[in-house]
1. Looking at Phe202, Phe207 in this structure, which one is surrounded by fewer than 22 Cβ atoms within 10 Å (Cβ to Cβ) and either of a type in the set (Phe, Trp, Tyr) or touching a Ser or Thr at 6+ places or on another chain (Cβ under 7 Å) (or both)?
2. Considering only residues that are among the acidic types (Asp, Glu) and assigned to a helix (DSSP H, G or I), look in segment 178-237 and name the one that is farthest from Arg155 (Cα to Cα).
3. Name the strands (runs of 3 or more DSSP E) wholly within segment 13-103 that hold at least 3 residues that are in contact with a Leu (Cβ under 9 Å, 6 or more places away or on another chain) and not basic (Lys, Arg)?
4. Test of understanding: among Gln126, Gln168, Gln182, which residue is within 19 Å of the chain's Cα centre (by Cα) and without any contact (Cβ under 8 Å) to a residue 40 or more places away in the chain?
5. Might you check whether a residue that is among the polar types (S, T, N, Q) and at pLDDT below 95 occurs anywhere in segment 206-219?
6. If you go through segment 50-59 one residue at a time, do you hit one that is within 20 Å of Asp245 (Cα to Cα), surrounded by fewer than 20 Cβ atoms within 10 Å (Cβ to Cβ) and of a type outside the set (A, V, I, L, M)?
7. Pick from Tyr173, Tyr195: which is surrounded by 18 or more Cβ atoms within 10 Å (Cβ to Cβ) and out of contact with any Pro (no Cβ under 9 Å at 6 or more places or on another chain)?
8. Going by what's in this entry, would Tyr106 be described as aromatic (Phe, Trp, Tyr), within 28 Å of Asn201 (Cα to Cα) and at pLDDT below 95?
Amino acid sequence: MGHRANLILLTESSYELYYSHWSLSLPIDMFWGPEYAISYIKNFERRENDCWLDDVWAEGGALVDPYQKVMILFGGDSLDQDVLLFNAYLELIREVWESWEVRWAYEGILELADYVGYPRSLLESQGNPPISDYKKFSLKAPMNKEWVDSIGSVRTEDKALHFYPLEQSANLYLCRGEELLQEVETEIGLDHCVYAEWTSNFPDSGFHIDIPNKTIHYWSYFGCDGIYKKIKLQWPNWNVIWYKDNFQPHLLLTEGKLKLPEIDQFELWKQLAKSFLMLGSSYDPVKQMKEVLDNISTEAESIYIHPSALHHHTTELSTEQKQAIFDYACRQVLRKQQKAST
């Protein structure tokens, strides 16, 4: 139970490592600027500098370096598998953290460890699924169109383009390696794809396999399980390019034959504002857990609760303060867009 995270605060000569058992709202809690974030981190349990969570247990994390003005984070569920919401979030938080470099840790806790010089090898697990487990991911289109989650495309030796609406995240199919090309020969695919004809959702990821140039292009903003390294190993002698959350190269590579849904910036901001202002610092998982235990009071007597699970703290901001910060970020984005268009 929980959503564990390491929080790191840089000092002049080293760093301080903190532990949070409840980091589900981490992207929201880190949104409100450096002063709030530093206060937020210091309220959590301090750990020895070698007591890191590994890449299995670290479901979230944040690092604040006030000296180099760098902030790095990952985790939470408010942006889970919605690349448009994710991109809108990054655009806004960078306005709040003005003059800071704000990064998303696409490789999770490993990127935070890299920043402070802690050996990532000590945090890399060996528990990833064997390659054989990925063979179940077929290019055949799902029976129900609403099951489509991602999009794949292939340019064959004869320069033809083929499109594959996929049921799972695109990077999972790439883990099959070069054997995936055998299925391309039998599963011809579409000659163009209007994604909105399959599902009302935006794809969470995509890939483009360029066979003549032996290049794999793919985009996916969640890659914390070392999947990029796995894909590279499965495609020896191929060039593998990971665009992270940037889906624009996929559109260029497919020459206008892939149409993705239109982006409504204001609708995305409304979604973010709703979750940020409704959840944010009012999120209290400890209170919720105690309420559950009270409802099963007899059984609860025999349940062991780790002390870390009983600690959660946020520095309270009023709704008015949060609204003002959020509105400021939106205005700044609009101002820059208007300036760029003139």
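1. Values: Phe207 fails: surrounded by fewer than 22 Cβ atoms within 10 Å (Cβ to Cβ).
Being surrounded by fewer than 22 Cβ atoms within 10 Å (Cβ to Cβ) and either of a type in the set (Phe, Trp, Tyr) or touching a Ser or Thr at 6+ places or on another chain (Cβ under 7 Å) (or both) holds for just one of Phe202, Phe207, which is Phe202.
2. Looking at the filtered set, the residue picked out is Glu197.
3. 15-20, 60-65, 70-75
4. Answer to the selection: Gln168.
5. no
6. no
7. Tyr173
8. Yes: the conditions hold for Tyr106.
The values are calculated or read from the model by the stated rules, or taken from the named source; none is laboratory data. Worth saying up front: this structure is predicted, and the values here are computed from it rather than measured. All Cβ positions, even for glycine, are placed from backbone atoms using ideal geometry, and neighbour counts span all protein chains on display.
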